[in-house]
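Here is the structure we will look at.
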Amino acid sequence: FAVFGRENMAMQSRLSGAIQDDSLQVFYQPIVDAGTGAVLALETLARWPDGKGGWVSPELFIPLAEKNGLIQELSGRVLERGLGQLACWRQAGLTQPITVNISRSQLYSTSFVADMLGRLSGFGLRPHDIILEITESVALTDHARQMKHLRQLVEAGFRIAIDDFGTGYSSLSQLHEMPIQFIKIDSAFAQRLHAEDGRAVMHAIVQLAQLLKLKIVAEGIETREVAQCLQRMGVRGMQGFYYSEPVPAAVAELMLRLGVTPKSSH
Ligand code: C2E
Ligand code: MG
Ligand code: MG
């Protein structure tokens, strides 16, 4: 435990340093219209170079940043990068939105809406240019409080996607009251489509979303078989390594222009 604690501390101070000197980067992963290959949106994902030619996993440093109060600053840096890039793409005539992952403490912060609006207008952008991804476990728990925050965001013109849908502790009875436009079905469900019960569960989620008039993005699409199975169920929005891994801005820009051709075999 002592070793773990010390390592944690070391990592925390390195992360803090990386945020200060702005060495965090942003990669973009396309959300693709499976019917046409067009890019519907790009998800912004934080990337931290480990100094040895690789990357520290966000699964490690995002929770650490959340625990140690660094997440607000980290998110601010990621957002500045993403918005700066988006402003360039708008200048170049590209119209797709980016999605931004929002963590619990950001959503709770009372200045969040004003802060977001301020940052956007600094780049000549509007709320409609971005989609806020909020994890299901954050969006659908502490219902009354979150509802108020989500309503404020929607009133300000932001669109909201429930991220990692199906993994939280949400009550389905609340879903229809939520001011949201998209659900991103967690990759765990795409991974179970080879089994009949897996397909049945996915089918039920898709029907529920359609009934509530929510747009669907299926996450973690790694093979053509999975993509085709989902298309047969009526899902169009797809994200995953079969289409593209998260890529730097220059590569993402080509995808915005030309669409995505899925990997031929996998
Ligand atoms: P997420 O928002 O659900 O992002 C999707 C994750 O799935 C990304 O992992 C992406 O690289 C990965 N992924 C995409 N397609 C596939 C696939 O086909 N197969 C597999 N196995 N994985 C796939 P990543 O970049 O490691 O990020 C992990 C999580 O960290 C994200 O999950 C998000 O919750 C969080 N995160 C990343 N960047 C940020 C950020 O800037 N701010 C906040 N608050 N959270 C972030
Ligand atoms: Mg996300
Ligand atoms: Mg997700």
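Looking at the range 220-244, which of the residues that are touching an Asp or Glu at 6+ places or on another chain (Cβ under 6 Å) and within 13 Å of ligand 1 (Cβ to nearest atom) is nearest to Val32 (Cα to Cα)?
Keep residues of the range 220-244 that are touching an Asp or Glu at 6+ places or on another chain (Cβ under 6 Å), which gives 236, 239-242.
Among the residues that remain, those that are also within 13 Å of ligand 1 (Cβ to nearest atom) are: 239-242.
Details: Gln239: 6, Gly240: 9, Phe241: 11, Tyr242: 11 Å.
Looking at residues that are touching an Asp or Glu at 6+ places or on another chain (Cβ under 6 Å) and within 13 Å of ligand 1 (Cβ to nearest atom), I get Gln239.
Of all residues in the range 182-227, which are away from ligand 3 (no atom under 16 Å from the Cβ) and closer than 20 Å to Met147 by Cα?
Scanning the range 182-227 gives Leu212, Lys213.
For the range 212-260, what are the residues that are within 16 Å of ligand 2 (Cβ to nearest atom) and polar (S, T, N, Q)?
Hits for the range 212-260 are Gln239, Ser244.
Just to be sure I understand, how many residues within the range 103-138 are without any contact (Cβ under 8 Å) to a residue 40 or more places away in the chain, within 16 Å of ligand 2 (Cβ to nearest atom) and β-branched (Val, Ile, Thr)?
The number of residues fulfilling the criteria is 3.
Any idea which residue in the range 171-208 is modelled with the highest pLDDT, counting only those that are aliphatic (A, V, I, L, M) and farther than 18 Å from Gln231 by Cα?
Looking at residues that are aliphatic (A, V, I, L, M) and farther than 18 Å from Gln231 by Cα, I get Ile180.
Applying the selection to the range 22-58, what residues are surrounded by fewer than 18 Cβ atoms within 10 Å (Cβ to Cβ), under 18 Å from Lys263 (Cβ atoms) and within 11 Å of ligand 1 (Cβ to nearest atom)?
If the condition is that a residue be surrounded by fewer than 18 Cβ atoms within 10 Å (Cβ to Cβ), under 18 Å from Lys263 (Cβ atoms) and within 11 Å of ligand 1 (Cβ to nearest atom), then no residue fits.
Suppose we keep only residues that are of a type in the set (Gly, Ala, Ser) and in contact with a Phe, Trp or Tyr (Cβ under 9 Å, 6 or more places away or on another chain) within the range 183-219. Which one would you say is nearest to ligand 1 (Cβ to nearest atom)?
Checking each candidate, the answer is Ala218.
Could you check, for the range 152-162, whether at least one of its residues is within 16 Å of ligand 1 (Cβ to nearest atom), of a type in the set (Phe, Trp, Tyr), part of a loop (DSSP other than H, G, I, E, B) and out of contact with any Asp or Glu (no Cβ under 7 Å at 6 or more places or on another chain)?
Yes, the range 152-162 contains at least one residue that is within 16 Å of ligand 1 (Cβ to nearest atom), of a type in the set (Phe, Trp, Tyr), part of a loop (DSSP other than H, G, I, E, B) and out of contact with any Asp or Glu (no Cβ under 7 Å at 6 or more places or on another chain).
The values are calculated or read from the model by the stated rules, or taken from the named source; none is laboratory data. Everything quoted here is computed from the prediction, not taken from an experiment. Reconstructed Cβ throughout: ideal geometry from the backbone, glycine too, with neighbour counts over all protein chains shown.
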